[in-house]
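A quick write-up on the structure given underneath.
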Amino acid sequence: MHTDTSPTLLITGGAGFIGSHLATELLQHGYQVRILDNLMPRVHGPERQRPAHLDRRAEVLVGDIRDPHRVQEALEGVDAVIHLAAVVGGRQSMYQLEKYVSVNTAGTAVLLEALLDHPIERLIVASSSAVYGEGLYCSYNGTIYPKIRRSSAQTAKGDWEPRSPDGEVIYPLPTPEAKEASPLSIYAVSKYDQEEMCRMIGEAYGIPTVILRLFNVYGPHQGYANPYSGMLTEYASRLLQGEPVRLFEDGYQQRDFVSVYDAARAFRLALESPSAAGETLNIGSGRPATFRTVADRLAAITRRQDLAPTVTGTYRVGDIRHCIADISRAREVLGYEPEVSLEAGLLDLAAWVEAEIAERQKVPAPLKVPTQSRLRV
């Protein structure tokens, strides 16, 4: 849909971690960008100021996704919408139910209702791998298990690996979009609600809709308390300040960690690909890594191999064991290919965290992380 007339795009939640990188990606490719964001104090501070790293060319409207009048205002003159506005994190959603359902589900309903009066060329929805719950598994003899849950009795004994109904240990496979949803937290339920609502209204009212299921996105400008990435920012911060990384369970949980630069590019490709409308696509790296592996690599990057990780042996309600992305469909439909390796992405993340710590402490950065590691994406 990219033309010489410079389409105007609305990014809901665009002042956040992924949104700020996405705004830069789109502006660099000639789009005009408008952002609707409530600049929540927990993320942006008590004064709710526009983040300094957000590209100054982006127009920012401060408002809540649940405010119909503000949403209508934000949609004026917009050609396409990328819907990122959401409260994230599985654990918190299990005791803040109303907040998650209100922002994620009801907020999406407000946006969709407003779109009925503002025809657009495309709606792109940021969903999450959390809708899958556990990923796809198979047994030693090849039996496939698409829907697995670990029991509380099992995790209480420190028996971490998922098992078949017969008690056999099973093994993770790349998870395709066709796998049945099995959300294990209110957050995951709310993201699946977003998918279904946008898919339904898109089909009913002729709004070309693309759903991107993001795996564990990480990178600079991610909040320290943001659980969406598996706490990689916190890992780097602890190591740089002389504290060991804390690993839940045994640390061998597998995730698909994808650079925010790759995720931002995937959104742009979803805008520009004629065949993407109506698709639900996994966006990840396609490569599994354990939390132990990430902790070890960050320890090497920050030169703190002397700090062995603390293995807590604890299970957190709503956590999954393994989930890895099958990205073959995104490759086929979008021409998407991850470009940032885990090593390069972790170097970039650690260098940014080091600079942030130095800024907070108002001292020169000790340069544990090589400055030349910063990505030029």
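Our analysis of the range 286-344 gives Rg over Rh at 1.08, with the two radii drawn from alpha carbon positions and Rh computed by the Kirkwood formula. Extension gain for residue 76-residue 341 works out to 91.5 nm (0.36 nm per residue, less the C-alpha to C-alpha distance). Against the empirical curve 2.2 N^0.38 Å, the C-alpha radius of gyration of the range 153-299 lands at a ratio of 1.23. Checking every one of the chymotrypsin sites (Phe, Trp or Tyr not before Pro) in the range 225-290 against DSSP loop status and a limit of 15 other Cβ atoms within 10 Å picks out 252. Once the C-beta distance of residue 151 and residue 204 is scaled by a Förster radius of 51 Å, the resulting FRET efficiency is 0.80 to the nearest 0.05. Here the Kirkwood formula, the inverse mean of 1/r across different C-alpha pairs, assigns the range 159-227 a hydrodynamic radius of 15.6 Å.
Rounded to 0.05, the FRET efficiency of the residue 168 and residue 254 pair, given R0 = 22 Å and the Cβ-Cβ distance, is 0.75.
Highest mean packing first, where packing is the average number of other Cβ atoms within 10 Å per residue, the peptides 73-79, 138-144 line up as 73-79, 138-144.
Considering only alpha-carbon pairs that sit under 8 angstrom and 6 or more positions apart, the relative contact order computed for the chain is 17 percent.
Note that the range 83-155 presents 42 Å² accessible area per residue, ligands and nucleic acids not counted, probe 1.4 Å. Relative to the compact-globule estimate of 2.2 N^0.38 Å, the Cα radius of gyration of the range 1-131 comes out at 1.03. Taking 4 °C and 1.567 mPa s as conditions, the chain diffuses translationally at an estimated 61 µm²/s according to Stokes-Einstein applied to its Kirkwood radius (Cα pairs).
Both the radius of gyration and Dmax for the range 85-229 are 17.6, 55 Å, in that order, over alpha-carbon atoms.
From most to least packed by mean Cβ count within 10 Å, the peptides 350-360, 195-205, 283-293 give 283-293, 350-360, 195-205.
Placing unit charges on the Cβ atoms of the charged side chains and taking the dipole of the range 161-262 about its Cα centre, the candidate lying farthest along the positive direction among 181, 239, 210 is 239. Of the peptides 24-30, 325-331, 308-314, the order by per-residue mean of other Cβ atoms within 10 Å, starting with the highest, comes out as 325-331, 24-30, 308-314. Give me the distance in nm between label points sitting 7 Å out from Cα along the Cα-to-Cβ direction at residue 317 and residue 144, one decimal. Taking the simple label geometry, residue 317 and residue 144 are separated by 3.3 nm.
Relative to its residue count, the range 243-300 spans a Cα convex hull of 106 Å³ per residue. When only alpha carbons of the range 240-360 are considered, Rg and Dmax amount to 17.0, 51 Å.
So what is the diffusion coefficient of the range 17-87 in µm² per second by Stokes-Einstein at 4 °C and 1.567 mPa s, using a Kirkwood Rh over Cα pairs? In µm²/s, the coefficient is 101. Expressed as a whole percent, the accessible surface of the chain that belongs to carbon and sulfur atoms is 51, based on a 1.4 Å probe. Per residue, the chain reaches -9500 deg cm²/dmol at 222 nm when only DSSP H runs of four or more residues are counted, each adding -39500 (n - 2.57). Taking 0.36 nm per residue of separation and subtracting the Cα-Cα distance, full extension of the segment from residue 55 to residue 40 would add 3.5 nm.
The values are calculated or read from the model by the stated rules, or taken from the named source; none is laboratory data. Source: prediction; values computed, not measured. FYI the Cβ positions are ideal-geometry reconstructions off the backbone, even for glycines, and counts take in every protein chain you see. Calculation scope for accessible area: heavy atoms of the full protein, side chains included, ligands and nucleic acids excluded. Shrake-Rupley method; radii C 1.70, N 1.55, O 1.52, S 1.80 Å.
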